[in-house]
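Everything on this sheet refers to the single structure shown next.
Computed from the coordinates by the stated procedures, all read-outs in this text should not be read as laboratory data. Owing to the predicted nature of the structure, the values given are computational and were not obtained by experimental measurement. Cβ sites come from the backbone with ideal geometry, for glycine too, and all protein chains shown count toward neighbours.
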Amino acid sequence: MEVDRPEIVAEVRAAFSSYEDALQRDDRATILGWFWDAPETVRFGIADRQNGVEELRAWRAAQPPVPLGRTLTETRVTTFGADYAVVTTLFTYPSGEALGRQSQTWARFGVGWRIVSAHVSEIRLPSWLS
């Protein structure tokens with residue numbers, strides 16, 4: 001199996017960038033469009049979890065937009081073959097109170113790349129770092 005074929009990494013990076021752009025603009029239809037439309041889709045959040053795309057749709061509809069000024073660092077795209085990828089990133093907000101961690105598992109379907117599993121968590125930053 002080939003790991004990190006440049007053209008596959010570029011495809012997934014573009015998909016992830018579109019997802020992130022939609023998240024920051026609160027474009028819920030585009031955000032949800034990046035998830036696999038299936039009951040097997042799973043998302044674990046900071047204080048929530050969704051099993052299946054229907055739960056994810058209901059949860060997203062009830063959420064406020066992410067705070068302005070979200071900044072990503074250490075974004076990494078690792079691909080396995082031509083149809084499977086993992087994206088990890090760290091994120092912060094201007095408040096500087098926590099460091100967010102995000103991971104997504106992407107798979108290629110006939111319709112293109114989709115997130116099949118996602119996890120978001122955060123850790124409080126020590127006061128001397130914020």
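By per-residue mean of other Cβ atoms within 10 Å, what is the highest-first order of 69-81, 85-97? Can you show the working numbers first?
Values: 69-81: 13.8, 85-97: 15.6.
Packing proxy ranking, top to bottom: 85-97, 69-81.
In the elastic network of the chain, a GNM with C-alpha springs shorter than 10 Å, the most mobile of L99, L68, L32 is L68.
Taking GluC sites (Glu not before Pro) across the stretch 1-47, the ones in a DSSP loop with at most 13 further Cβ atoms lying within 10 angstrom of their Cβ are E2, E40. So for the chain, what percent of the C-alpha to C-alpha distances run longer than 19 Å? In whole percent, the long-distance tail amounts to 50.
Considering Cα pairs under 8 angstrom that are at least six residues apart, work out the relative contact order of the chain and quote it in whole percent. List each step's numbers first, then the result.
Numbers: 225 pairs, mean separation 31.6, N = 130.
Worked out over the chain, it gives 24 percent.
For the pair Q24 and S95 in one chain, pulling the backbone fully straight at 0.36 nm per residue adds 24.0 nm over the alpha carbon distance.
Considering only A47, A58, A118, the Gaussian network model of the chain with Cα springs below 10 Å gives its largest mean-square fluctuation to A47.
Each part gets one Cα centre, and for the stretch 1-22 versus the stretch 42-90 those centres are 15 Å apart.
Once the Cβ-Cβ distance between D4 and H119 is put in as r, and R0 is 30 Å, what FRET efficiency do you end up with, to the nearest 0.05? Kindly include the intermediate steps, with their values, before the conclusion.
Numbers: r = 21 Å, r/R0 = 0.71.
Taking R0 as 30 Å, the efficiency between D4 and H119 is 0.90.
Placing dummy labels 7 Å off each Cα toward the beta-carbon, the span from D37 to R76 is 3.4 nm.
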